[in-house]
1. Placing unit charges on C-beta atoms (Lys and Arg positive, Asp and Glu negative, everything else neutral), compute the dipole magnitude of segment 169-232 about its Cα centre in debye, rounded to 20.
2. Hey, can you rank 34-42, 216-224 by average C-beta count inside 10 Å, highest first?
3. Could you pull out every one of the aspartates and glutamates with an alpha carbon less than 15 Å from that of Lys295, ignoring same-chain neighbours closer than 8 positions?
4. May I ask which residue of Gln142, Val164, Ile378 lies farthest towards the positive end of the charge dipole of the chain, with charges of +1 (Lys, Arg) and -1 (Asp, Glu) on Cβ and the Cα centre as origin?
5. Among 308-316, 409-417, 139-147, what's the highest-first ranking by average C-beta atoms within 10 angstrom per residue?
6. Using only the alpha carbon atoms of segment 310-413, find the Kirkwood hydrodynamic radius as the inverse mean reciprocal pair distance, in angstroms to one decimal.
7. If contacts are Cα pairs under 8 angstrom and at least 6 residues apart, what is the relative contact order of the chain in percent?
8. How are the alpha carbon pair distances in the chain distributed across 10 Å bins from zero to the largest one, expressed in percent?
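Just so it is clear, none of the values below were taken in a lab; they were calculated from the coordinates. The structure displayed is predicted, hence computed values, not measured ones. When we count neighbours, we look across all protein chains shown, and the Cβ atoms used for this are built from the backbone with ideal geometry, even at glycine.
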Amino acid sequence: MDKFIIKGGRRLTGEVTISGAKNAAVAILPAVILSDEPCVIENVPNISDVNICLRILTEMGAEVTKLDANIYRIDPTKIDKYCVPYETARKMRASYYFLGALLGKFGKARVSMPGGCPLGDRPIDQHLKAFSSLGAEYTLSQGMIDLHSEKLRGSQIFFDVVTVGATMNAMLAAVKAEGLTVIENAAKEPHIVDLANFLNSMGANIMGAGTDVIKIRGVERLRGTTYAVIPDQIEAGTFMAAIAATKGDVLIKNVIPKHLESITKKMEKIGVNIEQFDDSIRVWVDGPLVKANIKTAPHPGFPTDMQSQIATLLTLAKGTSIITENIWDQRFGYVDELRRMGADITVNGKVALVEGTGKLMGAPVKACDLRAGAALIIAGLAASGVTEIEDIFHIERGYDCMEGKLRALGADIEKVSI
Ligand code: EPU
């Protein structure tokens with residue numbers, strides 16, 4: 001078990017490079033299964049969720065070769081197992097993408113019910129609805145999902161809620177199905193577009209990704225390709241919050257500024273200066289931080305995955321901010337820990353009131369999920385004194401060398417084994 005020890009109060013300055021997007025990579029890696037030839041995937045972040053994906057691919061019979069720090073060649077042609085067992089699936093939510101990819105390629109899949117961050121009820125009814133629409137049958141027993149189909153056929157899929165995972169899974173299953181699939185009320189996140197671009201680069205015919213109607217005309221076969229994963233918009237947003245919290249001045253490189261729009265707008269409202277370039281942004285603070293109200297929403301709204309980080313920033317701002325979490329029932333788990341550091345936050349259902357006290361104090365705390373852990377790092381960087389963060393395995397699921405990147409910006413953070 002490792003923990004982070006942070007001595008707070010240092011301004012972040014310099015340059016940082018953002019890694020590939022977790023939530024794109026964990027879909028693109030299983031999607032390689034659909035190819036009839038090897039693929040090379042670049043800009044793959046070095047995080048534990050990705051390592052689990054690569055391990056699952058290897059266990060199924062794929063040949064995975066690391067070509068460089070963030071580049072993998074994956075040959076899926078020898079895959080001869082269609083099962084993702086409990087031991088691996090429980091470690092990560094995105095194991096459900098193996099359902100869509102295996103079903104789309106082989107017409108069968110057996111995957112354990114997924115694990116992942118404890119954010120409340122995480123149903124998969126919409127995933128199953130999509131698979132059924134395409135002609136698959138499923139059974140759920142002993143914690144396993146079994147999918148089977150003689151022949152997948154294109155169909156009309158209307159999602160009852162906007163869901164990233166089910167939209168991606170429907171794309172994976174439909175890409176080789178016979179005829180036309182139309183997904184309505186689709187999610188529009190940048191990683192949806194990234195998965196569509198990847199599949200299209202293999203020869204798929206997907207139109208409309210990034211809008212709420214995605215049309216997929218099934219193709220017979222998909223070929224090998226070389227593809228780079230988009231930069232992680234949430235990692236970039238997390239650094240933006242950390243820089244602002246320490247009143248720093250940093251150039252964040254390898255970003256797509258358009259993907260950061262909702263985060264940038266809120267940060268500017270809070271008093272953070274942001275200058276945009278083609279593939280980088282400069283973030284700095286030279287005045288007071290002020291309150292803002294945040295409501296999380298599917299893209300292009302403010303991302304739930306940035307809610308805890310911006311709440312932490314707002315504890316340092318002047319005034320009372322109101323935060324409404326509209327995606328997950330239990331995403332205020334970090335609040336108790338922030339209170340231990342002197343934050344004044346009251347939670348009532350899906351609303352949190354953040355009284356900006358302007359300061360935080362170091363304390364021993366525990367990460368309860370990935371983004372909660374990111375929030376505690378931001379708090380520790382801004383706090384006076386020493387913060388010790390336990391359960392950092394949550395953070396390492398989704399941030400590529402967070403402590404190394406922060407140290408290079410001047411933070412006093414180290415990882416120690418307990
Ligand atoms: N939902 C259903 N039925 C379903 C699927 C979802 O009711 O079959 C509901 C969920 O309960 C939730 C809402 O729809 O209220 C949105 O869920 P979604 O399916 O979009 O979430 P997800 O695919 O499970 C991904 C990210 C999350 C991120 C959400 C929302 C991955 C691996 N995970 O989860 O990322 O919070 O989209 O943007 O892509 C994170 O990175 O920290 C993280 C939790």
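1. On the way: 6 positive and 7 negative charges, 56 e Å.
So the dipole magnitude of segment 169-232 works out to roughly 280 debye.
2. So the order, starting with the most tightly packed, is 34-42, 216-224.
3. Glu261, Asp305, Glu325, Asp329
4. Ile378
5. 308-316, 409-417, 139-147
6. 13.9 Å
7. The normalised contact order for the chain reaches 21 percent.
8. Whole-percent P(r) values from 0 Å outward: 5, 23, 32, 24, 13, 3, 0.
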